[in-house]
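Data first, discussion second: the structure below is written as structure tokens.
The values are calculated or read from the model by the stated rules, or taken from the named source; none is laboratory data. The shown structure was predicted, so the numbers you read here are calculated from the model rather than taken from an experiment. Cβ sites come from the backbone with ideal geometry, for glycine too, and all protein chains shown count toward neighbours. Note: accessible area is taken over every heavy atom of the protein model, side chains too, but ligands, DNA and RNA are not part of it. Shrake-Rupley method; radii C 1.70, N 1.55, O 1.52, S 1.80 Å.
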Amino acid sequence: MKRLSFLTGFVWLVTTVSFAQKSEIFIKSDAAINGYDAVAYFTQSKPVKGSTQHIFSWKGASWLFSTKQNLEAFKANPEKYAPQYGGYCAYGLSRGYKAPTEADAWSIVNGKLYLNYNKDVRDIWNKGQSGYIKKADDNWPGVKNKS
């Protein structure tokens, strides 16, 4: 049993470290936030996959959008639509580290988009959002350019 626990912990650590990036923006499959349209979270209240037909480079990452209107909205004000902490897990940042995110684990709080590792982590994060946001805001400057 002890060996299984060690093995599970080791696999988790290797997986987390392999996803850790030096980039300020979470990039997977050569696109920011897994290729999802950041604006759609606000306008359609759901994750929508972006298209390479509507692409914009910002902060060293390629951002994909589902429509030209969403692309133009993001271009006009990227800080309004881009997820906090570069699209890394908001809960993870509150704990002082970067973690990847899933498109369907998201929340909008006070007009800002937050992504989480998965829905289970989002549920934990939702129980103490204001405290976690404060901690993540405090941690972000020291973590954003580290792997």
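Just a few scattered comments:
- Less than 5 angstrom separates the built amide H of Tyr88 from those of Phe26, all sequence-distant by 5 or more or on a different chain.
- 3J(HN,Hα) couplings calculated from phi for the stretch 66-76 with the Karplus curve 6.51 cos²θ - 1.76 cosθ + 1.60 (θ = phi - 60°) are, in sequence order, 7, 9, 5, 4, 5, 4, 5, 4, 5, 4, 5 Hz; Gly and Pro show x.
- Distance-filtered residues of the stretch 90-108 - backbone nitrogen under 18 Å, label point 7 angstrom along Ser29 Cα→Cβ: 100-106
- Under 5 Å, built H, 5+ apart or other chain: amide partners of Gly50: Tyr36, Asp37
- 5 angstrom amide H check on Val109, placed H, neighbours 5+ away: Tyr114
- Residue by residue, the stretch 90-107 carries 3J(HN,Hα) couplings of 4, 5, x, 5, 5, 9, x, 9, 8, 9, x, 9, 10, 4, 8, 10, 9, 8 Hz when phi is fed to the Karplus relation 6.51 cos²θ - 1.76 cosθ + 1.60 (θ = phi - 60°); x denotes Gly or Pro.
- Where the stretch 59-103 is the region considered: accessible area per residue in Å², 1.4 Å probe: 40 Å²
- Working note: 222 nm ellipticity from helices only, DSSP H runs with n ≥ 4, each -39,500 (n - 2.57), summed and divided by the residues of the chain, gives -13000 deg cm²/dmol to the nearest 500.
- Exposure of Thr43 as accessible area (Å², to 10), given a probe of 1.4 Å and all protein chains: 90 Å²
- Signed unit charges on C-beta, dipole axis of the stretch 68-145, positive-most listed residue Asn139, Ser94, Gln69: Asn139
- Accessible carbon and sulfur surface of the stretch 93-147 relative to its total accessible area, %, 1.4 Å: 45 percent
- Part-to-part distance (alpha-carbon centres) for the stretch 68-147 and the stretch 43-65, which is given in Å: 16 Å
- Leading residue at positive end of dipole, the chain (Cβ point charges), from Ile33, Gly60, Tyr117: Tyr117
- Value in Å of the Kirkwood radius, where the chain supplies the Cα pairs that are averaged: 15.6 Å
- Kirkwood Rh in Å, taken over all unlike Cα pairs in the stretch 93-147: 11.5 Å
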